[in-house]
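Every number in this text was worked out from the coordinates using simple rules, so none of it is lab data. Fair warning: this is a prediction, and the values are worked out from it, not measured in the lab. Cβ coordinates were reconstructed from backbone atoms using ideal geometry, including for glycine residues, and neighbour counts include every protein chain displayed.
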Amino acid sequence: MSGGEVALRFDQVGRHYGDLRAVDDVSLSIPNGQFVALVGASGSGKSTLLKTVNRLTLPDTGRVLIQGEDAADLPVAALRRRIGYVFQGIGLFPHMSVAENIAIGPRLSGERLSEARIRELLALVELDAAMAQRMPDALSGGQRQRVGVARALAGEPDLLLMDEPFGALDPITRDALGERVKALHSDLGLTTVMVTHDMAEALLLAERVLVMDRGRIVADETPLALLEGAGGSIAQGLVAVPREQARRLADIPGRGSA
């Protein structure tokens, strides 16, 4: 994996619910500027692990370090100010306008975003400035999730966490927004960790793929290495799904005929 200073480190992190080891002794480092996808079947622990970063879930054992600082030692508000977080369910406040939703994080920290900054954030996610005064129920699902991404970027974070961010979107919208996030990751110099159950999405967007199973990291590979057969049986079981879909598409009767 690429070198450089470490943006995020999990040091023997564990989270248990009774006898269930949702996260089981995970240790890994993510360098500054890397785009990482965290994949696995439902219940593998990927969302739980992600939530230990911004203390939505507290680990029972181990430490999470952000730029070398123990997340447990930082005030929660200050910690979350440094992290952009995109929810699976979007999570916009229905009684607030788009502009108010985008500005909520900085506002809670005592900062007021200017109208110019709101327009800039909307432009980053390819939404027209006129959207600022609309209410969430006037937007499509894709537009709402773009607002969710703009909100995550409002505090100018270095670290962006995304928990199944595109799961509720139609395939065309999902693909377009994924590519936009990938471009923003590069343009803004972010470190990005994205949880997804979709291996094709992970292979297309990330430069590093972590595979979880029963609370543990069982594979840590580049997309190319996974496509070439690396990572072990669980990882290859996930890769087999988009590979089989591609094969079936290629075998559609009449494909390629005049």
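Full extension of the chain between residue 137 and residue 104 yields a length gain of 10.1 nm, computed as 0.36 nm times the residue separation minus the alpha carbon distance. Of the candidates 30, 172, 104, which one comes out as most mobile in a Gaussian network treatment of the chain with C-alpha springs shorter than 10 Å? Taking springs between Cα atoms under 10 Å, the residue moving most is 172.
Taking the Cα centre of region 1-110 as origin, sum charge times position over the Cβ atoms of Lys and Arg (+1) and Asp and Glu (-1), and report the length of that vector in debye to the nearest 20. Don't jump to the answer; show the numbers that get you there.
Values: 11 positive and 10 negative charges, 63 e Å.
Its charge dipole is roughly 300 debye.
Between residue 204 and residue 12, the modelled label-to-label distance comes to 4.1 nm, taking each label 7 Å out from Cα in the direction of the beta carbon. Taking the Cα centre of region 98-177 as the origin, how large is its charge dipole in debye, to the nearest 20, when only Lys and Arg (+1) and Asp and Glu (-1) carry charge on their Cβ atoms? Result for region 98-177 is approximately 220 debye, rounded to the nearest 20. The fewest-to-most ranking of 93, 35 by surrounding Cβ atoms within 10 Å reads 93, 35. The distance linking region 188-206 with region 47-62 is 19 Å (Cα centroid to Cα centroid, whole angstrom).
Over the chain, DSSP H runs of length four or greater, each weighted -39,500 (n - 2.57), average out per residue to a 222 nm ellipticity of -11000 deg cm²/dmol.
For percent of Cα pairs over 31 Å apart, the value computed from the atomic coordinates appears in the list [x] 27; [y] 31; [z] 20 under label [x]. Go through 113, 149, 72 and say which Cα lies farthest out towards the positive end of the charge dipole of region 59-174; charges sit on Cβ, +1 for Lys and Arg, -1 for Asp and Glu. Value: 113.
Looking at region 80-131, which GluC sites (Glu not before Pro) are in a loop (DSSP not H, G, I, E or B) and have at most 15 other Cβ atoms within 10 Å?
Numbers: sites: 100, 111, 115, 120, 126; in loops: 111, 126.
Passing both the DSSP loop test and the Cβ count: 111, 126.
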